[in-house]
Amino acid sequence: MNAARRVVIASRLFPPEVSAGAFRLGALARASTRRGDAVRVLTTVPPPHAPQIDDHDGVDVSRWPVLRDAGGNVRGYVQYMSYDVPLLVRLLGTRFDVLVAESPPTTGLVAVVVAALKRRPVVYYAADVWTDGVISMGAPRFVVAVMRWMERAVLRRARAIISVSDEVTERLELLGADSARITTVGNGIATDVFAPDVVPVQADAPYFVYTGTMSEWQQPDVFVRALHLLADEAPDVRIAFFGQGSVVPALRALAEEIVPGRVDFGGVIPPADSARWIRGAVGSLVSIVPGIGYDFARPTKTFAAASVGTPVIFAGPRTGAALVEGADLGIATAFSPEAVADAMRALLRQAEDGTTERKRPERSSWARDTVSLDAVAERVAQVVTDVARD
């Protein structure tokens, strides 16, 4: 009888943290376990606000304390190093047949170095392109050059590369990745959690909802400014924000200044609660700032809304807009308060005339057939299996 493959996943993000990265790696760990693999995850101690999880479905999860920013994120060079430096020692002391490393490239670099010493293969999970990210944030030229070198080094040395979209695949190839080693698997959402039959939140007034990260890349203040434009004609409409991020303090201050009492901040909540809030909303709000290096992004927020059948307002570049328009998932609009306010008006009318409920089954069915997290995880697990067999 063959021994179980020893699969190690190295990532700063893993459930119970609430993030797209944690969800996809949790699903991968479960999928690999179902295949009979012995899965060990080297991750971090979750922040205090993370929901409790008592069981990881047979996955061996090893956690290490790390530095986090004020919002509880492992975000920033010092925070990354607090995970990556101990990871080097942890990996050296861990036996594995194949190593799966999640971005950032600093983690990928540690993974490929240790894997080379042990003569074992690495699968690099590229959820985005970090070189583009540091450029978009206006990082110094030296920092961009270092990040580009690290990312290229990881891509050259990984036995296989997982990409979440065709657009990310194109960016990886421009960085020098061998297209023959890239598998584009798509992004996914837990369609069993985000389902159209979840019990919606019963609010006293109609509301729009924003869930997930609030950072410079999303600039969700565009939605608060849009609500301000609707203040007189729709005095009872609200926005509920759930999640965390670097712009939350500024967002709170803006909301209190221009629409006092109309915007709620609920912090990080469990996925099941997020599904209920999205299910009860007039629309789910999604944004990506155009022209800062993330024009290729297809935010997971879009999939979460589609999975429960709630329409999306997407403010941002063409890639995300094309997804929303092509699958009739809601309204894609320019990244401006005026355009977003028009989209809010349209969704308020659709909620009143029955269009939203009429389209809910179709949108949910699209998500179930197209972006199931379990289906994506199975595709990644197959890549891991193939690499381990080589």
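Please treat every number below as a calculation from the coordinates, not as lab data. What you see is a predicted model; the values in this text were computed from it and never measured. Positions of Cβ are generated from backbone atoms using ideal geometry, with glycine treated the same way; all protein chains shown enter the neighbour counts.
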Checklist outcome for this item: About its Cα centre, the chain carries a charge dipole, from +1 on Lys and Arg Cβ atoms and -1 on Asp and Glu Cβ atoms, whose size in debye to the nearest 20 is 1720 debye
Checklist entry - Near the amide H of Ile9, under 5 Å away, which other amide H atoms are found, from residues 5 or more places off or on another chain, if H is placed in the peptide plane? => result Arg40, Val41, Leu42, Val100
Checklist entry - Tell me, what ³J(HN,Hα) does each residue in the stretch 371-382 have, in order and in whole Hz, if you take phi through Karplus 6.51 cos²θ - 1.76 cosθ + 1.60 with θ = phi - 60° and put x for Gly and Pro? => result 10, 5, 4, 5, 5, 4, 4, 5, 5, 5, 4, 5
Checklist outcome for this item: The simple spin-label model distance between Thr370 and Ala3, using points 7 Å out along Cα→Cβ, in nm, is 4.5 nm
Checklist entry - Mind checking the dipole of the stretch 207-370: about its Cα centre, +1 per Lys or Arg Cβ, -1 per Asp or Glu Cβ, Debye to the nearest 20? => result 460 debye
Item to check | Per-residue [θ]222 nm for the chain (sum of -39500 (n - 2.57) over DSSP H runs n ≥ 4, rounded to 500) | outcome: -14000 deg cm²/dmol
Checklist entry - Hey, what did the stretch 119-215 get for relative contact order, percent, Cα under 8 Å, at least 6 apart? => result 27 percent
Checklist entry - When the chain is fully extended, how far beyond the present Cα-Cα distance does Ala334 get from Ala70, taking 0.36 nm per residue of separation? => result 91.9 nm
Next on the checklist: Compute and list, largest first, the equivalent-ellipsoid semi-axes of the chain from the alpha carbon gyration tensor, each √(5λ) rounded to a whole angstrom.
Outcome noted: 36, 22, 19
Next on the checklist: Can you compute 3J(HN,Hα) from phi for each residue in the stretch 357-362, using the Karplus curve 6.51 cos²θ - 1.76 cosθ + 1.60 with θ = phi - 60°, rounded to whole Hz and x for Gly and Pro?
Outcome noted: 5, 5, 8, 4, x, 5
Item to check | Cleavage-rule hits, GluC sites (Glu not before Pro), the stretch 191-256, DSSP coil, Cβ neighbours within 10 Å at most 15 | outcome: Glu216, Glu233
Checklist outcome for this item: Amide H neighbours of Tyr210 at under 5 Å, excluding residues fewer than 5 places away on the same chain, with H built from the backbone geometry, are Ala240, Phe241, Phe242, Leu285
Checklist entry - Got the relative contact order for the chain handy, in percent, Cα pairs under 8 Å and 6 or more residues apart? => result 16 percent
Checklist outcome for this item: Most exposed to least, judged by fewest other Cβ atoms within 10 Å, Thr43, Thr94, Thr169 sort to Thr94, Thr169, Thr43
Checklist entry - How far is it, in nm, from the label point at Glu362 to the one at Ala180 when both lie 7 Å from their Cα along the line to the Cβ? => result 4.4 nm
Next on the checklist: If you scale each eigenvalue of the Cα gyration tensor by 5 and take the root, what three semi-axes come out for the stretch 200-255, rounded to whole angstrom and sorted largest first?
Outcome noted: 20, 15, 8
Checklist entry - Taking amide H positions as placed 1.01 Å from N in the peptide plane, with prolines and chain starts having none, which residues 5 or more places from Tyr125, or on another chain, fall under 5 Å of its amide H? => result Ala101, Glu102, Ser103, Ile162
Item to check | Shape category assigned to the stretch 36-195 from the gyration tensor of Cα positions, a/c cut at 1.5 | outcome: rounded
Item to check | the stretch 207-370 - Kirkwood radius from inverse mean 1/r over Cα pairs (Å) | outcome: 15.5 Å
Item to check | Selected from Val224, Tyr124, Phe23, residue furthest toward positive end of dipole (the chain; charges at beta carbon) | outcome: Tyr124
